Amino acid sequence: MDPLQLKGALSAGLLSFPVTHFGPDLEFDRTAYEAHVGWLGGFEAAVLFAAGGTGEFFSLTPTEVPEVVRAAKAAAGATPIVSGCGYGTRIAVEIARGAEAAGADGILLLPPYLMTAEQAGLYAHVKAVCDAVGIGVIVYNRDNAVLSADTIARLCDACPNLVGFKDGHGQVDLVLEITRRMGGRLAYIGGMPTHEVFAAPYFSAGVTTYSSAVFNFVPELAQRFYRALRDGDTATTDALLRDFYYPLLAIRNRGKGYAVSIIKAGLAAIGRPAGPVRPPLTDLKPEEMAQLRDLLARHVEAAVPA
């Protein structure tokens, strides 16, 4: 998929990050992962992100990322696959090239490891990854890597394959400045944890799609919320926020790192287990798992695979 095709796909509908399946030994379970990606492909995600944040990119080695991408491509059918990428610039370049060789349709560039940097350094980091591959690249504003509108504009001039901007920082005035300044040059993606809670203000700022983590275990509900958001159906979005998303957040906020752990717990609750999270993350406690099962019992039927 060429970069412009990827840009179009990113703007065409709801996006999601499949979790990465691990066995009891914490090794990648390719068979279970492929089955999950294939299942998600039946719920009309516009793009799936392999080895992304919800896919525990931070717990994968640079050699595992292409393996996960290869498995996703084998199972996704016509659904485009974007690979997670990150760490320091040289490692990020290595991962990006490996993902491209494994068949990825694009790269999502997560913040570099740990260090804060000036805009000139962030510019050089993003440009190095864009220059290293021919596929489309999405830059992710989050945590220690928040690019200014000026830096985004410079990168758009210098990197034809920079096709997307994702925001998980939450500074909506900056997002609005970037969307208004760059217009149709980029696809704009919401990336706050459990983004549905933030979707309405982002939508008004020109961010008309987002990556849904809960799509992993309640894909029909996630699509219902997204359609209602696009249609301006606030009665439906308000009801789903009140009855599902806010109670889910109450469980998620009980533990650090639960933004990922609760997604794997949701899959276990509906009979599609993805295995444990890798350290340093921890799985939900039994009482938290019981709360999640009670919440899901009110919204979905168990979908135990044959």
Out of (1) over 21 Å from Thr54 (Cβ atoms); (2) at pLDDT 95 or above; (3) among the small types (Gly, Ala, Ser), the one Ser204 does not meet is (2)
Query raised in the report: Quick one: would you say Pro62 is open to solvent by 20 Å² or more (accessible area, probe 1.4 Å), modelled with pLDDT under 95 and not polar (S, T, N, Q)?
Result: no
### Query
Of the residues that make up region 148-167, is at least one of a type in the set (Phe, Trp, Tyr) and either assigned to a strand (DSSP E or B) or under 19 Å from Tyr210 (Cβ atoms) (or both)?
yes
Reported set for region 238-252 where residues are of a type outside the set (D, E, K, R) and over 19 Å from the mean Cα position of the chain (by Cα) is Ala239, Leu240, Leu241, Phe244, Tyr246, Pro247, Ala250, Ile251
Of those in region 82-127 that are under 25 Å from Gly8 (Cβ atoms) and acidic (Asp, Glu), the residue farthest from the chain's Cα centre (by Cα) is Glu100
Of the candidates Ala235, Ala268, Ala290, Ala274, the one satisfying the condition of being modelled with pLDDT of 95 or more, more than 26 Å from Gly164 (Cβ to Cβ) and either among the β-branched types (Val, Ile, Thr) or within 18 Å of the chain's Cα centre (by Cα) (or both) is Ala274
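For every residue, the table says whether it meets (1) surrounded by 24 or more Cβ atoms within 10 Å (Cβ to Cβ); (2) under 22 Å from Pro276 (Cβ atoms); (3) β-branched (Val, Ile, Thr).
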{"residue": "Glu34", "(1), (2), (3)": "no, yes, no"}
{"residue": "Phe43", "(1), (2), (3)": "no, no, no"}
{"residue": "Val68", "(1), (2), (3)": "yes, yes, yes"}
{"residue": "Ile81", "(1), (2), (3)": "yes, no, yes"}
{"residue": "Pro112", "(1), (2), (3)": "no, no, no"}
Per the list (1) closer than 30 Å to Arg185 by Cα; (2) open to solvent by less than 10 Å² (accessible area, probe 1.4 Å), residue check on Tyr245 breaks on (1)
Of (1) assigned to a helix (DSSP H, G or I); (2) within 20 Å of Phe43 (Cβ to Cβ); (3) in contact with a Pro (Cβ under 9 Å, 6 or more places away or on another chain), Thr237 fails just (3)
In region 216-260, residues that are among the charged types (D, E, K, R), in contact (Cβ under 8 Å) with a residue 12 or more places away in the chain and within 24 Å of Ala50 (Cα to Cα) total 3
Kindly check whether there is at least one residue in region 45-57 that is small (Gly, Ala, Ser) and more than 15 Å from the chain's Cα centre (by Cα). no
Taking region 261-302 and the residues there that are touching a residue at least 12 places away in the same chain (Cβ under 8 Å) and out of contact with any helix residue (DSSP H, G or I) (no Cβ under 9 Å at 6 or more places or on another chain), the one that is most open to solvent (accessible area, probe 1.4 Å) would be Lys285
Residues of region 146-174 being crowded, with 23+ Cβ neighbours inside 10 Å and either touching a His at 6+ places or on another chain (Cβ under 9 Å) or charged (D, E, K, R) (or both), in sequence order, are Lys166, Asp167
Can we say Val207 is outside any helix (DSSP H, G or I), among the β-branched types (Val, Ile, Thr) and out of contact with any Leu (no Cβ under 8 Å at 6 or more places or on another chain)? yes
When region 153-169 is checked residue by residue, the ones that are within 20 Å of the chain's Cα centre (by Cα) and closer than 23 Å to Glu100 by Cβ are Asn161, Leu162, Val163, Gly164, Phe165, Lys166
In region 128-145, anything open to solvent by 60 Å² or more (accessible area, probe 1.4 Å) and either acidic (Asp, Glu) or not in a strand (DSSP E or B) (or both) is listed as Asp131, Asp143
Counting only residues in region 185-231 that are aromatic (Phe, Trp, Tyr) and open to solvent by 10 Å² or more (accessible area, probe 1.4 Å), the one farthest from the chain's Cα centre (by Cα) is identified as Phe203
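The values are calculated or read from the model by the stated rules, or taken from the named source; none is laboratory data. Every value quoted in this text rests on a predicted model; they were computed, and no experiment measured them. All Cβ positions, glycine included, derive from the backbone under ideal geometry; neighbour counts span all protein chains shown. Heads up: the accessible areas ignore ligands, DNA and RNA and are worked out on the full protein's heavy atoms, side chains in. Shrake-Rupley method; radii C 1.70, N 1.55, O 1.52, S 1.80 Å.
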